[in-house]
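Undergrad: Starting off with a structure, shown below.
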Amino acid sequence: MAKKSAFVSEGGCVACGACENECPRDAVAVWRGCFAKINREKCIGCGLCARVCPANAISLVKREVEA
Ligand code: SF4
Ligand code: SF4
């Protein structure tokens, strides 16, 4: 599993859908038109979504070590 995954700051997200269009893994989708949600199982931490987000609402975070 990738060492990083995307994290959405829900308060900053304007639900534009740019991240959803960009993600090569279908790992992010706008939830009920409210804010983007990451599927951490699918996310490979590539950072494309963070790059296109006009609101700078996405950051890449280190995954916790999963037991
Ligand atoms: S970091 Fe990459 S794989 Fe993960 S949600 Fe963003 S675009 Fe998709
Ligand atoms: S690109 Fe940014 S503002 Fe647009 S839906 Fe994704 S997280 Fe929200």
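Undergrad: For the stretch 1-25, how many residues meet the condition of being assigned to a loop (DSSP other than H, G, I, E, B), more than 8 Å from ligand 1 (Cβ to nearest atom) and modelled with pLDDT of 95 or more?
TA: 9
Undergrad: Tally up the residues in the stretch 45-57 that are near ligand 1 (Cβ under 7 Å from one of its atoms) and either surrounded by fewer than 16 Cβ atoms within 10 Å (Cβ to Cβ) or over 14 Å from Lys3 (Cα atoms) (or both), please.
TA: Number satisfying all stated conditions: 4.
Undergrad: Search the stretch 26-38 for residues being more than 10 Å from ligand 1 (Cβ to nearest atom) and without any contact (Cβ under 8 Å) to a residue 12 or more places away in the chain, and hand back the single one that is surrounded by the fewest Cβ atoms within 10 Å (Cβ to Cβ).
TA: The residue in question is Arg32.
Undergrad: Output the residues belonging to the stretch 26-67 that are among the small types (Gly, Ala, Ser) and either within 8 Å of ligand 2 (Cβ to nearest atom) or not in a loop (DSSP other than H, G, I, E, B) (or both).
TA: Once the filter is applied, which keeps residues that are among the small types (Gly, Ala, Ser) and either within 8 Å of ligand 2 (Cβ to nearest atom) or not in a loop (DSSP other than H, G, I, E, B) (or both), the stretch 26-67 yields Ala29, Ala36, Ala50, Ala55, Ala57, Ser59.
The values are calculated or read from the model by the stated rules, or taken from the named source; none is laboratory data. The structure presented is a predicted model; accordingly, all values stated were derived computationally and were not measured. Neighbour counts are summed over all protein chains in view; Cβ atoms, including those assigned to glycine, are modelled from backbone coordinates with ideal geometry.
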